[in-house]
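Trainee: Got a structure for you, questions after.
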Amino acid sequence: MTSEQGHDLTVNQWTDISSRLRTEIGEAAFQSWIKPISLSHRDGDIIRITVPTRFMSDWVNAHYSDRLTALWRDQDASIKSVDVTVLPDRYSQARNEERENCTALASSYTGPNRRQKGNSVQGEDKASTISAPVDPRFTFDSFVVGKPNEFAYAAARRVAEADIVPFNPLFLYGGVGLGKTHLMLAVANHIRKVSPQRNVVYMSAEKFMHRFIRALQEKNTVDFKDQFRSVDVLMIDDVQFICGKESTQEEFFHTFNALVDQGRQIVVSADKSPSYLEGMEERLVSRLNCGLVADIHATTYELRLGILQSKAERIGVEIPSKVMEFLAHKVTSNVRDLEGGLNRVVAHAQLIGREITLETTQEVLHDLLRANDRRVTIEEIQKQVSQHFNIRVSDMQSARRARAVARPRQVAMYLAKQLTARSLPEIGRKFGGRDHTTVMHAVKRVDELREYDPMFAEDVELLRRMLEG
Amino acid sequence: MNRAHQLTFDLVHRSALSREDFLIAPANQQAVAWIDKWPDWPSQSLAISGPPGSGKTHLAHVYMAKSGAHLIDGSQINQINVRDLVETNPTLVIDNAEAVVSEDGADIHEENLFHILNLLKETGHHAVLCSITPPARWKVKLADLKSRLNALTHVAIADPDESLLAAVMVKQFADRQLRIDHGVIDYILPRMERSFRCVHHIVTAIDALALREHRNITIPLIRQVLDTLNQEELEI
């Protein structure tokens, strides 16, 4: 049998298996999880299949891998297992090709003295196993520069573009959500692109600590040290999380020194400058201080507007300038809040399939823009309505039935029902001990009037908005 | 009045928590739409907030049935290894998530939730967070967490309208295997506080009284329950 025939057979088997799964797990689950699977090839006694995302691969592994293996065995008893890998979509495929080219380049650069064991592909794998994933979207190009961050930006660029270490470490600090991580990832993306042979590791301080503690538990600190000390560029994000963790700090200190001695670049970020990090050992503080310390300041209105415009352009969504100005004006805390706010507005618009307007923006970000949903009280409603119609508040409780007071009273009852959770009997009580049926009648009457009297409807709407603040 | 009271066992009744049993209304349709849309979400996490009894737990169970999510309570977050939790579970539900807000300075909760949100990004895994108040309003001390909470995709379950209240009431009676006349619901609705919480109080009280006094669920019985509840409210 030729390998081509063998492949055809495997394809037929897969068609059988997926149709069996379709009946077993139902159409919905099939569409979500099995249909996106593609058969890659048979590799000895292993069947290799691919899925488009890492999430799906975790999912298929957790829920269907046993069943898949069993079904393959029914078809062919020699199959040992089914292996799920992530097949990158077109976009990341391009990146992979790029990486392959880079690897080829790397091996041509790699002389016999290079510390890597085996070939450069392994070296690449080794680096990616200890580095956290680096999101390719965070680049220098996608970083919006303004007065508050231009110094940190320039420093990060310098580190990324320099052939020899310009300053060590680069210490980036600033409040939360101002772009420290973005700058670090931009450094990583840049170096990986132009000098793929350099081993760039980015990780959070939490991950550094986690790996170190695990290495201690598994009595495998030698490997841990090897992994970190063979890094060309080490970037540790949010270093404040190892404050007060003595043994981790000790290990970090040694790693730090070893790398600096070998002329490798270190980039560290924190929420405060080194000297203000409480619970950080003195000697480590002085190390962190001895390179370049660059801070990122709070955003300005212009920078926020710039960030929103660039973000909107990147995601390719039409956003009215009124909405962007509103967001830049209202969400001043930091960039993460700002971008998060924009994302929420866009996600909502896509979910319900409507355009983005100032009103929907206010509605969606209502929890962010206002500290609480204070409930309106019936008393406040009575006061506001009386003022609006120019009658006395006491008329809300009075027995007078003249239209000039009866109508506003009905409006107030209507609003009390719409804006509070109070029961109708209780609303009645607050209006001079009236019966709940009177309240029901008022609600019905106001609804009718709103139908055919637009002026009246507008009045009620205005009152409602004033009361909701 | 001196009636001999029959003692009743507080037997746990099982609520129907599947997607088919979820009552869709304007108040919650966006939350349902997000759950239905999974895994096609714009971000890793979805926060659902709403008053007690508004169906957050029910929706969380719908999500669990759909995704096989692992359920944890916000108050347990300090007792777990967060990296293991997120790495071994592609989907998570954190119920009662605002329990991480520490009043006594036990910041381990906040720090752990912060790491969970980062790990979700790192692994591409998904989580649903349920809480009464929207995460953007929690009084957290950790600024890093605060800004991540502000950025969460969030959907609020709004106050119920009357038809939803009626439907929830019918469902809660049905969960207790009680079949109720429409006239009964029509009688209760205009006389009760219009909240999910109150539906739960009333149904529980009516069930208990009917069971204790071996009575059918009739308007006089309901009037008695509503009077008692109103009395309690006035005393508070």
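Trainee: How would A:Lys219, A:Lys311 rank on accessible area, largest to smallest, probe 1.4 Å?
Mentor: These residues rank, largest area first, as A:Lys219, A:Lys311.
Trainee: Continuing with the same structure: Using a Cα distance threshold of under 19 Å, what count of lysine pairs results for region A:312-469 when pairs must be 8 or more residues apart or interchain?
Mentor: Values: A:Lys322/A:Lys330; A:Lys383/A:Lys417; A:Lys383/A:Lys430; A:Lys417/A:Lys430; A:Lys417/A:Lys444; A:Lys430/A:Lys444.
Pairs that pass both the separation and distance tests number 6.
Trainee: I want to make sure I understand the PRE zone here: with the label point 7 angstrom from the Cα of A:Ser275 toward its beta carbon, which residues in region A:288-306 have backbone N atoms less than 20 Å away?
Mentor: A:288-298
Trainee: Now a separate question. Would you tell me the accessible area of B:Trp34, worked out with a 1.4 angstrom probe on the heavy atoms of the protein chains, in Å² to the nearest 10?
Mentor: 10
Trainee: Right, something else. Report the FRET efficiency, 1/(1 + (r/R0)^6), for B:Glu213 and A:Asp435, where r is their Cβ-Cβ distance and R0 is 30 Å, rounded to 0.05.
Mentor: Calculated transfer efficiency: 0.55.
Trainee: Working from the alpha-carbon coordinates of the protein assembly as shown, get Rg over Rh, Rh being the Kirkwood radius.
Mentor: Answer for the protein assembly as shown: 1.04.
Trainee: Here's something else I'd like to know. Accessible area, 1.4 Å probe, largest first: how do A:Val144, A:Val285 sort?
Mentor: Values: A:Val144 35, A:Val285 15 Å².
Sorted descending by solvent-accessible area, the residues read A:Val144, A:Val285.
Trainee: Multiplying the sequence separation of A:Arg48 and A:Ile213 by 0.36 nm and subtracting their Cα-Cα distance, what value in nm do you get?
Mentor: Here the segment from A:Arg48 to A:Ile213 would lengthen by 56.0 nm.
Trainee: Give, as a single signed number, the net charge of other residues whose beta carbon lies under 14 Å from the beta carbon of B:Arg179, with Lys and Arg counted +1 and Asp and Glu -1.
Mentor: With Lys, Arg at +1 and Asp, Glu at -1, the net is -1.
Trainee: At 1.4 Å probe size, what's the solvent-accessible area of A:Glu426? Round to the nearest 10 Å².
Mentor: The accessible area of A:Glu426 comes to roughly 30 Å².
Trainee: A:Arg370 to A:Ser19: FRET efficiency via 1/(1 + (r/R0)^6), r the Cβ-Cβ distance, R0 56 Å, to the nearest 0.05? Walk me through the numbers before you get to the answer.
Mentor: Numbers: r = 53 Å, r/R0 = 0.95.
According to the calculation, E is roughly 0.55.
Trainee: If you don't mind, another one. Residues with beta-carbon under 14 Å from that of B:Ile222, excluding B:Ile222: net charge, scoring Lys, Arg +1 and Asp, Glu -1?
Mentor: -2
Trainee: Using only alpha carbon pairs under 8 Å that are at least six residues apart, calculate the relative contact order of region A:378-468 and give it in whole percent.
Mentor: 27
Trainee: Then there's this: Please give the length that would be gained between A:Ala457 and A:Ala402 if that part of the chain were fully extended, namely 0.36 nm times their separation in residues minus their C-alpha to C-alpha distance (nm, one decimal).
Mentor: 17.7 nm
Trainee: Need the list of aspartates and glutamates near A:Lys225 for cross-linking: C-alpha distance under 18 angstrom, and skip anything on the same chain fewer than eight residues off.
Mentor: Excluding near neighbours in sequence, the set is A:Glu124, A:Asp125, A:Glu206, A:Glu246, A:Glu250, A:Glu251, A:Asp261.
Trainee: So, in Å, what gap is there between the alpha-carbon centers of region A:272-343 and region B:138-179?
Mentor: 32
Trainee: Now for a separate question. Would you compute, from DSSP H runs of 4+ residues alone, the mean residue ellipticity of chain A at 222 nm, taking -39500 (n - 2.57) per run and dividing by the full residue count, rounded to the nearest 500? All intermediate terms of the calculation are to be shown ahead of the outcome.
Mentor: Details: 21 runs with 270 residues, N = 469.
When only DSSP H runs of four or more count, the value is -18000 deg cm²/dmol.
Trainee: A:Val176: net charge of surrounding residues, Cβ under 14 Å, Lys/Arg +1, Asp/Glu -1, itself excluded?
Mentor: -3
Trainee: Estimate the FRET efficiency between B:Lys139 and A:Asn257 by the formula 1/(1 + (r/R0)^6), using the beta-carbon distance for r and 51 Å for R0, to the nearest 0.05.
Mentor: Once the sixth-power term is evaluated, E becomes 0.80.
Trainee: While we're looking at this one, here's another question. Taking a threshold of 23 Å on the Cα-Cα distance, which of the pairs A:Lys147/A:Lys180; A:Lys311/B:Lys121; B:Lys56/B:Lys139; A:Lys207/A:Lys311; A:Lys219/A:Lys245 fall above it?
Mentor: A:Lys207/A:Lys311
Trainee: Multiply the residue separation of B:Trp41 and B:Gln224 by 0.36 nm, subtract the distance between their alpha-carbon atoms, and state the gained length in nm to one decimal.
Mentor: Extra length from B:Trp41 to B:Gln224 when fully extended: 61.1 nm.
Trainee: Next question. Run the simple label-point estimate for A:Glu282 and A:Glu359 please: 7 Å along Cα→C-beta, distance reported in nm.
Mentor: Result for the modelled spin labels: 6.5 nm.
Trainee: Under a plain spin-label model, where a point goes 7 Å from the Cα along Cα-to-Cβ, how far apart in nm are A:Glu161 and A:Ile352?
Mentor: The answer from the label model is 4.7 nm.
Trainee: Sticking with this one: Suppose we keep just the alpha-carbon trace of chain B; what are its Rg and Dmax in angstrom?
Mentor: Cα radius of gyration and Dmax of chain B are 20.4, 66 Å respectively.
The values are calculated or read from the model by the stated rules, or taken from the named source; none is laboratory data. Because the structure is predicted, anything quoted here is derived from the model rather than measured. Every residue, glycine among them, receives a Cβ derived from its backbone with ideal geometry; neighbour counts consider all protein chains shown. When the accessible area is computed, the model is the full protein with side chains, heavy atoms only, and any ligands, DNA or RNA have been set aside. Shrake-Rupley method; radii C 1.70, N 1.55, O 1.52, S 1.80 Å.
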